[in-house]
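Take this structure first; my questions come after.
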Amino acid sequence: MKNQNDCSLNEKLSEISRRDFMKFCGIVAASMGLPLSAGLQMAEAAKAKRRPPVIWLHGQECTGCTESLLRPTHPSFEHLILDLISLDYHETLNAGSGHQAEAALKQSMKENAGKYILVVEGSAPLKDGGKYCMIGGRPFVDIVKETAAKAAAVVAIGSCASWGGWQSSSPNPTGATGIPEVLKGTTVVTIPGCPPNAYNFLSTVLYFLTFGKLPALDEKARPKFAYGRLIHENCERRAHFDAGRFAKQFGDEGHREGYCLYELGCKGPITHANCPSILYYAGAGTWPVGTGHPCFGCTEEAVGFKIPLHTQAEVSQITPAAAHAPIETAQGKGMSAGAAGVLGGVAGVAIGAGAMIAKNLGQSDEGE
Ligand code: SF4
């Protein structure tokens with residue numbers, strides 16, 4: 001019987017067409033600031049190479065990262081993820097459990113030593129010998145260290161794994177710690193977010209698979225293509241910020257008009273992430289600010305779960321907007337109350353490319 005790992009992408013892509021996959025890789029390359037030729041290289045590499053084995057560990061977390069990755073609106077995306085990688089061990093998705101699952105983990109580590117990607121979701125509790133998160137009778141932190149020692153690359157997915165997340169909020173009773181801190185001396189790519197965006201994870205994996213190295217990282221080991229700009233620079237409500245039009249209360253006229261949420265506590269001016277550009281899977285408006293809620297800074301260690309949700313951000317410097325959404329107020333053009341936000345979302349699509357992925361896949365699937 002053929003081992004799952006031996007199947008090429010050609011054999012595995014059951015839900016999306018080759019043309020869609022080529023498009024997808026082109027868009028991923030563009031969103032990473034790479035030339036179109038890199039997209040072609042990614043598509044070729046993904047088809048030709050053996051799918052990278054992935055061991056996915058869960059520590060202290062809510063499993064929201066996994067849920068977010070596997071439950072986007074468009075079903076093709078979860079297949080892209082599962083078809084690009086060979087998920088050898090994942091405590092949420094494992095078919096087996098108990099000793100059977102542990103045996104699968106050991107077998108993958110042995111067979112793929114030095115070749116597998118370790119993905120860690122959740123923080124590690126370091127207090128009291130790590131006893132607050134035990135798996136198979138062992139402290140989670142010990143399992144992370146042992147698994148990382150034989151990994152080709154380590155990815156901390158989500159804010160909890162990246163720097164401790166909500167469990168590390170004061171008083172941090174378990175000593176919740178991010179994986180980069182646990183694995184000091186090892187490069188740990190961090191993809192923070194609560195939840196993180198699946199596009200950023202998939203783009204990182206595709207880049208690694210194609211070029212055999214990690215994408216450029218910032219000082220917190222976040223991929224620069226995803227965390228290089230402030231949310232405020234690409235936000236669809238930025239024109240309102242610049243014009244001094246702010247929502248003062250949830251549900252007031254300004255809020256209904258799609259005005260800037262800064263005075264309601266938006267942390268977009270101090271938070272680096274590409275949420276407004278790539279959105280969350282379903283097109284215009286599918287990100288917190290797009291739904292009318294302030295950004296709470298989940299990708300920044302010093303902001304998310306540290307500064308209260310509705311406390312205004314201290315902004316020391318305002319970087320210029322990358323582009324302006326063509327926002328009109330309801331009074332001016334007779335638009336519906338939510339129209340400004342929708343228009344802004346359309347501008348966000350133009351700025352980035354990620355939202356087009358779901359759109360393109362959706363259109364194609366419908367048409368074929
Ligand atoms: S809603 Fe937030 S991110 Fe958007 S313009 Fe206002 S302060 Fe900036």
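So what is the orientation-averaged projected area of segment 99-230, using the convex hull of its C-alpha atoms, in nm²?
Mean orientational projected area (segment 99-230, Cα hull): 8.7 nm².
Still on this structure, please answer the following. Looking at segment 187-276, which trypsin sites (Lys or Arg not before Pro) are DSSP coil and have at most 11 other C-beta atoms within 10 Å of their C-beta? Walk me through the intermediate numbers first.
Numbers: sites: 213, 220, 224, 229, 237, 238, 245, 248, 256, 267; in loops: 213, 220, 229, 237, 245, 248, 267.
Filter output for segment 187-276: 213, 248.
Using a basic spin-label model with each label point 7 Å from the Cα along Cα→Cβ, how many nm lie between residue 146 and residue 213?
Taking the simple label geometry, residue 146 and residue 213 are separated by 3.4 nm.
Which entries of 150/306; 127/224; 224/267 show an alpha-carbon separation above 26 angstrom in the structure shown?
Among 150/306; 127/224; 224/267, the Cα-Cα distance tops 26 Å for 150/306; 127/224.
List the residues whose amide H sits under 5 Å from the amide H of residue 153, counting only those 5 or more places along or on another chain, with H placed 1.01 Å from N in the peptide plane.
Here 118 satisfy the definition.
Still on this model: Label-point separation (nm) for residue 19 and residue 106, each offset 7 Å from Cα along Cα-to-Cβ?
Those two pseudo-labels are separated by 5.0 nm.
Amide H neighbours of residue 267 under 5 Å, counting only residues 5+ apart in sequence or on other chains, H built in-plane at 1.01 Å?
295, 296, 297
In segment 16-64, which trypsin sites (Lys or Arg not before Pro) are in a loop and have at most 15 other Cβ atoms within 10 Å, using DSSP for the loop call? Each step should come with its number before you reach the end.
On the way: sites: 18, 19, 23, 47, 49, 50; in loops: 49, 50.
Those that pass, being in a loop and sparsely packed, are 49, 50.
Could you give me the ³J(HN,Hα) list for segment 231-245, computed from phi with Karplus coefficients 6.51, -1.76, 1.60 and θ = phi - 60°, whole Hz, x at Gly and Pro?
Working through the residues one at a time gives 4, 4, 6, 10, 5, 5, 9, 4, 4, 5, 4, 5, 8, x, 9 Hz.
Values quoted throughout were computed directly from the atomic coordinates according to the rules given, and no laboratory measurement underlies them. What you see is a predicted model; the values in this text were computed from it and never measured. In this analysis, Cβ positions are derived from the backbone assuming ideal geometry, glycine residues included, and neighbour counts consider all displayed protein chains.
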